[in-house]
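Have a look at the structure below, then the notes.
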Amino acid sequence: MTELQQEKVRKFTASRGFTLIEVILAGTLLIILSVGILMIFSNVVERNRGENLRMQALSVLQKDVEYYRGLKFVPVGSSTELNGGSYPNVRTRTSEDGRVFVISVTIDNDPYTAGIQTAAQIPEADCKFKEIVISAVPQVAESGWLSDLKANVTIQRVRSN
């Protein structure tokens, strides 16, 4: 073999494949990128689940909002369901996805005064304005940040004369 042929063989064999260091660095970078992408993906999935639960809770609350909006609130003969006070665990409702929510209601006879004003502080006959807060909480508790998931709807009613 001539010297020119030997040099070509050396260049050819030296340029084939990757070195061990290059392979290890590429593998490390690939692992770091994969872990980062998986963390972002899991976070997005969890946030999406939370928003889905919140939307289910709001759809369940819509029925109760319509119920409390339709109750009679007049000087004489108002619905007793509008009496002031806190009513935890009033009922359970199931969303279209099958998740069960516990509904709680708070009715304040004077929302401008601190605390919940009931008939003991303001008689129902004197009450002209009510604030109704309806809450929905999943019956089966979630984990992580979803454990504090609840949806509230606040409506205000003015007495008819």
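Observations
- Apart from one condition, ILE134 fits all of (1) under 21 Å from the mean Cα position of the chain (by Cα); (2) in a loop (DSSP other than H, G, I, E, B); the exception is (2).
- Residue that is nearest to the chain's Cα centre (by Cα), among those in the stretch 65-116 that are assigned to a strand (DSSP E or B) and of a type in the set (D, E, K, R): ARG93
- Any hit, the stretch 104-115, residues being among the aliphatic types (A, V, I, L, M) and crowded, with 18+ Cβ neighbours inside 10 Å: yes
- The residue pairs whose first member lies in the stretch 96-118 and is within 16 Å of ALA141 (Cα to Cα), whose second member is basic (Lys, Arg), and whose beta carbons are closer than 7 Å, counting only pairs six or more residues apart or on different chains, are PHE101/ARG93; ILE103/ARG91; ILE103/ARG93.
- In this structure, GLY85 does satisfy being modelled with pLDDT under 85, surrounded by 10 or more Cβ atoms within 10 Å (Cβ to Cβ) and under 30 Å from ASP126 (Cα atoms).
- Cross-chain or 6+ apart pairs with Cβ under 6 Å, the stretch 24-46 first and small (Gly, Ala, Ser), then surrounded by fewer than 10 Cβ atoms within 10 Å (Cβ to Cβ): none
The values are calculated or read from the model by the stated rules, or taken from the named source; none is laboratory data. These numbers come from a predicted model, not from an experiment. In this analysis, Cβ positions are derived from the backbone assuming ideal geometry, glycine residues included, and neighbour counts consider all displayed protein chains.
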